[in-house]
1. Residue farthest toward the positive end of the dipole of the chain, with Cβ of Lys/Arg at +1 and Asp/Glu at -1: which of L212, T241, F292?
2. Please report Rg (one decimal) and Dmax (integer) in Å for the Cα set of the range 144-210.
3. Using modelled backbone amide H atoms (1.01 Å from N, in-plane), which distant-in-sequence or interchain residues come within less than 5 Å of D248's amide H?
4. If you average 1/r over every pair of different alpha-carbon atoms in the range 292-357 and take one over that average, what Kirkwood value in Å do you get?
5. Which value, in debye to the nearest 20, describes the size of the charge dipole of the range 33-174 about its Cα centre when Lys and Arg Cβ atoms bear +1, Asp and Glu Cβ atoms bear -1, and nothing else is charged?
6. Could you work out the per residue convex hull volume over the alpha carbons of the range 237-367, in cubic angstrom?
7. Calculate one ³J(HN,Hα) per residue across the range 23-35 by plugging θ = phi - 60° into the Karplus curve 6.51 cos²θ - 1.76 cosθ + 1.60, and present them in order as whole Hz with x for glycine and proline.
8. Specify the inter-centroid distance of the range 38-54 and the range 152-212, based on alpha-carbon positions, in whole Å.
Amino acid sequence: MSEENFAELLEESLVTIHNGEIVEGTVIGVKEDEIILNIGYKADGIITRNEYSNNPVDLTSAVKIGDKMQAKVLKVNDGDGQVLLTYKRIAIEQSNKRLEEAYNNKEVIKARVTQVLDGGLIVMIDESKVFIPASLISDTFERDLTKFQDQEIEFVITEFNPRKRRIIGDRKQLLVAEKQKLQEELFARIAPGMEVDGVVKNITEFGAFVDLGGADGLLHISEMSWGRVENPKKFLKVGQTLHVLIKDIKDTKIALSLKFDRDNPWKDAASKYSVGKIVTGKVARMTGFGAFVELDAGVDALLHVSQIAREHIEKPSDVLNIGDEITAMVVDFNEESRKISLSIKQLLIAEEKNSDAEEEAAEEVSE
């Protein structure tokens, strides 16, 4: 057989390829930035690192000699007599097909966040990029998106247009749906009078919002303690777990309380603060007409300016200060209106009478 006939037979045994065609080959060489494939053509195929993946990768760790691979022909002749191939674009087509099915079926997808942008997040599905705008990341405003870097998140595809490279994901609607489900489950099992656990979510001047696991309840400042709470932010901390009483439910609004009836200081107040009892307390606040004395958490009594001393006092602040501890006599107790009146003046008079009586008794004994 002549050399010319042999060359013709060899040429006939080789495949014919065209741009855009998918071919299969065997890896015969690997460098960090290049893969060489025997595709049964008169020239070898080359896959550069950029045409292997959108992600940075060392090709020597991705494939090895002898591996079988499919690739798409970009150029039959790259100018150096070799065939320029792409592996990445086949992967993109396959992942786009998967995303299209997910879009049509409203399937929930889970993927890792590979990039954080000013306006949202990028997640990769194989070689396809999905963009999740900042407005669709959460059902609440997220100031710092960097916390999502490398996290695996769930989302649905709400827009699919690979030609315009516009594939949009939505995480927000999943969170909204989950919260709605949790809210329905919560309202189905709670009722006024029940005690539940919750976590302090936010604190304001008028109270705190407590996450009950499906809905937030409002713990008003007036319901935080049987005693007086001046500043909720000093009384509670965000993230603190609370055991709370469900005081009332109206539609989706839940009123909470930390004032449990078993701890009500007025339960035994009638015996502790009956008229004539001598009590001790601290001055909690003052007005022009008197001072309010805290006898117990949630139990205040009025010490009228006329009852502070035996002599005339213009105003309570002339002789008293907030936080002063005083001892006085209970001169009035009204359990229904929860009002107690005190008198230092009557206590002094009573002590003076007792002292005079004791002196008289002592004189009679000495006679």
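What follows is calculated from the coordinates using simple rules that are stated; it is not laboratory data. Owing to the predicted nature of the structure, the values given are computational and were not obtained by experimental measurement. All Cβ positions, glycine included, derive from the backbone under ideal geometry; neighbour counts span all protein chains shown.
1. L212
2. Cα radius of gyration and Dmax of the range 144-210 are 18.4, 59 Å respectively.
3. Under 5 Å from the amide H of D248: A255.
4. On the way: mean 1/r = 0.0784 Å⁻¹.
Across the range 292-357, the inverse of the average 1/r is 12.8 Å.
5. Working: 22 positive and 23 negative charges, 76 e Å.
For the range 33-174, the charge dipole is close to 360 debye.
6. Numbers: hull volume 23.4 nm³, N = 131.
Measuring per residue, one finds 179 Å³ for the Cα hull of the range 237-367.
7. Here the 3J(HN,Hα) series is 10, 10, x, 10, 5, 10, x, 9, 10, 4, 10, 7, 10 Hz.
8. After rounding, the separation between the Cα centres reads 48 Å.
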